[in-house]
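Enquirer: Attaching a single structure in structure tokens format; questions to follow.
The values are calculated or read from the model by the stated rules, or taken from the named source; none is laboratory data. Treat the numbers as computed from the prediction; the structure is a model and nothing was measured. Cβ atoms come from the backbone with ideal geometry, glycine included; neighbour counts cover every protein chain shown. For the accessible areas, the whole protein counts, side chains as well, though only heavy atoms, and no ligand, DNA or RNA atoms are used. Shrake-Rupley method; radii C 1.70, N 1.55, O 1.52, S 1.80 Å.
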Amino acid sequence: MKSPELPPLMTMPPGSALYGLRRDPLGFLTNLARTHGDIVRFRLGDHEPDLFLLNHPDYIREALVTHDRSFTKWFSIERIKEVLGDGLFVSEGEWHMRQRRLVQPAFHRERIASYADQMTAFAVQLRERWQAGTVVDIAREMNWLAMMIVGSTLFGANVGSDAEEIRDALSEILDQFERSILPYADRADFEHAMSRLDAVIYRLIQQRRATGEDRGDLLSMLLLARDAEGDGGGMTDLQLRDEAMTIFLAGHETSANGLAWCWYLLAQHPEIEAKFHDEVDRTLEGRPARMDDVPRLSLTSRIFAEALRMYPPVWAVGRCALQDVSIAGYTLPRGSVVIMSQYVTHHDERWFAAPAHFDPERWTAEERARRPRFSYFPFSAGSRACLGEAFAGVEGVLCLAALAQKWKLRLVPGHRVTLQPQLTLRARNGIKLRIEPRA
């Protein structure tokens, strides 16, 4: 049976699509989907490949799962490879599968359970540092918390002394993902930020190689790992650096953003916050949260899931076709690119009624069962699904619960929160909240 004709190419003034993606990518992609349907074909320039925006869960499943081996990752900004090298986030083919096999054991459920007490301990440390009446940038606070957790649990290191330098360097790098063409001055800033990050990562690797100590964390596992299904070899320092940088960036940046948006949403919905506090109090009875509390903190888990729906840390993914691929009945030619936006699909009223409304009850088992599987994909899917999904879920619940045992947070009048879609979805000027004690 003959394939239908490809969707018509969107007719736009020269450069307007590229301008729209640079100026307001979330608005541009949302408008395309709402105006032109579930598969939209457009170009960024006259000599650029066709881009297809997919906005139906069935089509997203075809691209990410059914035909995942027919695609390679596509980056609108190649500079990400300078940051992550050949780490899991950017590597391809057999190399990607080899690295995934070596890293995956660090994220098995029993391993995550061993991290739980450290997650809670760092949240308690932050909780005790806060003072009533203080205004904080909760995005910055959650960034520190997530950085300490990933440094301790996955690399067995206390990165507290390096926290400010790491945070500033990462902010500089992420700022540059908003730009496609960078002037020389930005290039110098980028390289300086990279050298600061590399210095920390290589120091951790060298210290561990020198001691040969197996601490049972990710870094020990990577140092000791041998690829039984491949050549039996281990990792060089460069390979370790690429994987460490990938896990360090993905493991704290995405979790930090998700936690920050949780507090922002709870501050605007006191009725949900009250139920959340009640669940935390009843479940924990004043003691520190543990791994076995996570299933019982069900509302807390739903709050985290709903924040990831409304403000997905990774707001879009792209794939480039290695061969002709059939999607939605159309044959997409080799070299074309498909884009799937978590932000756009998560705000589609077909799957989420009143999508701009914060409603954790969307995440009961019954409500989940009513929706298509790929109407929600904050951690992507298929062979490239994020290995840290379960880690992030446990971290989100334990940190929210630990902080809420003592404090509630309130919006600061006059502080405007706007979205900043970089490599992850941040708040452009932070999220200023006032710390208030629980009654």
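Enquirer: Among the numbered criteria (1) over 19 Å from the mean Cα position of the chain (by Cα); (2) in a helix (DSSP H, G or I); (3) aliphatic (A, V, I, L, M), which one does L154 miss?
Expert: Status for L154: all satisfied but (1).
Enquirer: With respect to A33, determine if the residue is farther than 18 Å from L322 by Cα, part of a helix (DSSP H, G or I) and either at pLDDT 80 or above or polar (S, T, N, Q) (or both).
Expert: Yes.
Enquirer: For the stretch 336-353, give me the residue count where each residue is in a strand (DSSP E or B) and surrounded by fewer than 24 Cβ atoms within 10 Å (Cβ to Cβ).
Expert: Residues meeting the conditions: 2.
Here is a yes/no grid of residues against (1) in contact with an Asp or Glu (Cβ under 9 Å, 6 or more places away or on another chain); (2) assigned to a loop (DSSP other than H, G, I, E, B):
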| site | (1), (2) |
| --- | --- |
| A274 | no, no |
| E279 | no, no |
| R302 | yes, no |
| R309 | no, no |
| P313 | yes, yes |
| R319 | yes, no |
| R334 | yes, yes |
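Enquirer: Within the stretch 185-203, track down each residue that is open to solvent by 20 Å² or more (accessible area, probe 1.4 Å), within 20 Å of D237 (Cβ to Cβ) and among the hydrophobic types (A, V, I, L, M, F, W, C).
Expert: A199
Enquirer: I need the full set of residues from the stretch 400-421 which are buried (at least 18 other Cβ atoms within 10 Å of the Cβ) and within 17 Å of the chain's Cα centre (by Cα), in order please.
Expert: Answer for the stretch 400-421, where residues must be buried (at least 18 other Cβ atoms within 10 Å of the Cβ) and within 17 Å of the chain's Cα centre (by Cα): just P421.
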